[in-house]
Amino acid sequence: MLKIITVLGARPQFIKTCILSQLLRFKHNEIMIHTGQHYDYNMSNIFFNELQIPKPDYNLCIGSGNHGFQTGNMLIKLEDIYLKEKPDLIIVYGDTNSTLSGALCASKLLIPVAHIEAGLRSFNINMPEEQNRLLTDHISTLLFVPTNTAKSNLRSEGIVDHVYNVGDIMFDTLIKFKYIAEKKSQIIEKLNCSINNYIVATIHRAENTNDVNRLKGIIEALNECNENIVLPLHPRTKKCIKDNGILVSGKIKVIEPIGYLDMLQLETHCKKIVTDSGGIQKEAYLMKKPCVTLRDETEWIETIECGWNELVGTDKYKIIEAIVNIPFEKAHPALFGDGNTSEKIVEIINKEERFLLRPSF
Ligand code: UD1
Ligand code: UDP
């Protein structure tokens with residue numbers, strides 16, 4: 001039995017952990033640390049409730065702030081807990097500041113790190129996520145990649161040992177909750193949406209919200225594209241729209257961030273998806289929905305290559321054209337595994353258990 005600390009803090013990480021955490025606890029002792037990076041009810045607690053994720057053993061209550069403030073404060077608080085709990089392994093997910101802090105703190109104390117969703121690259125080092133994932137990969141012991149592209153990205157950086165392609169962990173959660181969402185969610189009725197006749201849009205990337213011209217391009221495209229749009233708005237984007245006085249058409253249904261079940265339900269019954277989210281690009285593919293991605297590059301290039309996703313950046317005319325013209329592709333290869341990623345990760349951790357360097361503390 002290992003003592004495993006899972007570090008998480010942002011919305012997609014709650015969604016990623018839910019099944020793995022359950023499976024790990026059959027054999028191992030899992031301690032969960034929530035950094036508090038996301039803290040609003042509908043950015044955090046709603047996911048713990050809906051997905052029945054155990055209450056975190058610690059909440060560091062770090063909150064929002066600049067990167068140095070957030071990462072540094074997490075490091076300080078994590079170190080105290082790691083030293084007290086003396087874990088055998090740290091698990092981190094994805095590419096947020098919580099990911100990097102969790103991994104870096106472990107690495108300094110010589111505690112092995114398992115990085116889930118390793119190997120992804122946008123090759124844009126200006127993105128905070130690219131910095132976080134690159135650094136995390138280089139100090140991780142077990143690297144769980146979702147795609148072959150991610151595996152070859154690691155190989156080209158000289159990382160070849162203990163790299164496992166296990167598929168995408170978000171697929172596990174999607175499969176489990178899609179039908180529960182169908183039964184429980186009433187979002188379609190509540191928003192008065194007609195099936196297959198609306199677009200779900202999300203915007204939150206730093207590169208789109210920190211640059212007012214990019215954000216304006218996106219919002220103007222949504223205003224003018226002549227589609228029914230539902231826009232669950234990340235608090236970061238809401239603030240930027242307000243601070244910069246950007247006009248959002250009254251025809252767009254702007255709502256607060258929603259829970260996972262409502263999100264799945266909106267994705268299931270929409271016509272198309274417009275987003276700058278990493279997770280939602282994958283969900284669009286898994287739901288067989290054409291996706292227009294509001295970025296200049298993506299880590300999920302397979303979805304572009306097979307025609308279901310189009311990268312358009314933030315030029316208003318390009319976005320509108322893509323929304324109108326993106327085709328409904330027929331071929332749908334299994335890009336993200338078969339939905340049992342969590343199971344595979346547990347098997348590998350169990351197998352690797354005896355090779356893990358036991359920290360001496
Ligand atoms: C973070 C991740 C990003 C991930 C996203 C998932 C980093 C650097 N970025 O971006 O990779 O895609 O989470 O959603 O880690 N805010 C609230 N309430 C909250 C949380 C945030 O109001 O509960 C507002 C604050 O004004 C805050 C801003 O959103 O300053 C940004 O939050 P932050 O966690 O820094 O980054 P995200 O944009 O959420
Ligand atoms: N999501 C959600 N409610 C929302 C917006 C997104 O439940 O209002 C889910 C979405 O279905 C996906 C995940 O959050 O599973 C994606 O997280 P986000 O877009 O915040 O981050 P990213 O994946 O870009 O890191």
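Gain in length, Glu343 to Lys190, computed as 0.36 nm per residue apart minus the alpha-carbon separation, to one decimal in nm? Walk me through the numbers on the way to the answer.
On the way: separation 153, 0.36 × 153 = 55.08 nm, distance 3.60 nm.
Contour length minus the Cα-Cα distance gives 51.5 nm.
Report note on the peptides 80-88, 291-299: ranked by the mean count of other C-beta atoms within 10 Å, highest first, their order is 291-299, 80-88.
Only helices enter the 222 nm calculation for the chain: every DSSP H run of n ≥ 4 contributes -39,500 (n - 2.57), and dividing by all residues gives -13500 deg cm²/dmol, rounded to 500. When the pairs Lys55/Lys289; Lys190/Lys272; Lys184/Lys344; Lys184/Lys271; Lys178/Lys272 are compared against a 23 Å limit on Cα-Cα distance, Lys55/Lys289; Lys184/Lys344 fall above it. With the Kirkwood sum run over all distinct C-alpha pairs, the chain has a hydrodynamic radius of 20.8 Å.
For a modelled paramagnetic label at Glu79, 7 Å from Cα along Cα-to-Cβ, the residues of region 1-25 in reach, with backbone nitrogen under 20 Å, are 5-8.
Could you tell me what % of all Cα pairs in region 1-108 have separations over 23 Å? Don't skip to the end; give the middle numbers.
Details: 1143 of 5778 pairs.
Considering region 1-108, 20 percent of its Cα-Cα pairs are separated by more than 23 Å.
With the contact rule set at Cα under 8 Å and sequence spacing of 6 or more, what percent relative contact order holds for region 188-249?
RCO, region 188-249: 41 percent.
Using all Cα-Cα distances in region 214-286, what percent lands in each 10 angstrom bin from 0 up to the longest? Cα pair-distance distribution for region 214-286, in percent: 17, 54, 28, 2. Annotation: peptides 64-75, 263-274, 342-353, ranked by per-residue average of other Cβ atoms within 10 Å with the highest first, follow the order 263-274, 342-353, 64-75. Check the straight Cα-Cα distances from Lys239 and name the lysines below 16 Å, setting aside those fewer than 8 residues away within the same chain. Result set, ordered by chain and number: Lys216. Entry note, region 109-217: relative contact order of 21 percent, from Cα contacts under 8 Å with a spacing of 6+ residues.
Relative contact order for the chain: what is it in percent, counting Cα pairs under 8 Å that are at least 6 residues apart? Mind showing how you got there, number by number?
Working: 687 pairs, mean separation 58.9, N = 361.
The normalised contact order for the chain reaches 16 percent.
Any read-out appearing in this document is the output of simple, stated calculations on the displayed coordinates, not a laboratory observation. Just so it is clear, the structure is predicted and the values come from calculations on it, not from any experiment. Here the Cβ is made from the backbone with ideal geometry for all residues, glycine too, and neighbour counts use every protein chain on show.
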